Amino acid sequence: MIKKILIGAHTSTAGGVHNALFEGEQIGATVIQLFTSNQKQWQGRRFVQAEIDLWKEALEKTGIEKVMSHDSYLINLGAHDPDILEKSRSAFREEIERCHLLNLDFLNFHPGAATKSTVEECLDRIVESLILNEELIHRGKTKPVLEMTAGQGTSVGYKFEHIDYIIKQVKGKIPIGVCIDTCHLFVAGYDIRTKEGWEKTLHEFDRIIGLKYLTAFHLNDSAKDLGSKVDRHASLGLGKIGLESFHYLMTDPKTRDLPKYLETPEKSSWKGEIALLKSYGLPTGQLDHPLPFVEELLPKK
């Protein structure tokens, strides 16, 4: 039996949260990421039972695995401003509750931004924010997953040391994982353009954090240069990282079986990008998509 390759994209919930699953099926995805609520509003979405029932039916029909939520862009669990911190903690709690209702696997979140405080003070507030939800998190299976950031502005979480600090403080209290966004990692200063670059980077990750915490990937090429700390996603192979990097992730034993979610800017290219990534991960003749059609589905240089 061929092992299913866990690759997908961030799909849309327009017309109902269940539609994200059907869009995933249409593009050949085996996993999806979604927003359970409007990512640019503090007021969170409330699910009624009919929506949950449709979600469960769609999940069974599509066979999509490893569904990950991405929390609101407004949330800053390390905010210096007491009002923003309170709103963030409330919104994060509501996000956990929605994830539990849908029985999602992961809740991906950006650690936070230091704004007017030190990085250390920001990290401590993030830890406190997470531990406040200890009891709630244990009510469901959803694992919180820290997304590494690009280091843009005052964001924390762009160094392995930042992530390690948070994990050490919550260890034994809540389950926790790490999502590596390839664009963020690259512009934060980690050179992942080659197999050798990835080997060095993952060795550092393991030394500082531990590979057992590596849970998922966001797959994005980067429009900006190594170490620029500017977060601009690009389609696979059309940025500064290049396709060798993604080939490594799909084939190396340390990373190939982890779920991977595209956040590349050209939605029309997702089907082709997924097909290409699957072609890296499976022997010829065992593909879900015919390879001759891959090139015409990919964005053009």
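What follows draws every value from the coordinates through simple rules; no lab data is involved. Values in this document were obtained by computation on a predicted structure and should not be read as measured data. As a convention, Cβ positions derive from the backbone with ideal geometry for all residues, glycine included, and neighbour counts pool all protein chains shown.
Brief remarks on what is shown
- With a threshold of 25 Å on the Cα-Cα distance, the over-threshold entries among Lys56/Lys171; Lys66/Lys271; Lys240/Lys260; Lys66/Lys171; Lys4/Lys200 are Lys56/Lys171; Lys4/Lys200.
- Reach of Lys116 by Cα under 18 Å, taken over lysines that are not fewer than 8 positions away in the same chain: Lys87
- Taken one residue at a time, the phi angles of segment 227-234 give Karplus couplings (6.51, -1.76, 1.60, θ = phi - 60°) of x, 6, 6, 10, 8, 9, 6, 9 Hz. Gly and Pro are set to x.
- Residue order, fewest to most surrounding Cβ atoms within 10 angstrom, among Leu107, Leu132: Leu132, Leu107
- (i) 128; (ii) 159; (iii) 112, with the label sought being that of the calculated volume of the Cα convex hull per residue in Å³: (i)
- By the rule of a C-alpha distance below 15 Å, with chain neighbours fewer than 8 residues away ignored, the aspartates and glutamates paired with Lys40 are Asp71, Glu94, Glu95.
- Within the chain, antiparallel bridges make up roughly 15 percent of the DSSP beta bridges whose residues both belong there.
- Candidate aspartates and glutamates - alpha carbon under 19 Å from Lys212, same-chain residues fewer than 8 apart omitted: Asp105, Glu147, Glu161, Asp164, Asp181, Glu199, Glu204, Asp252, Asp257
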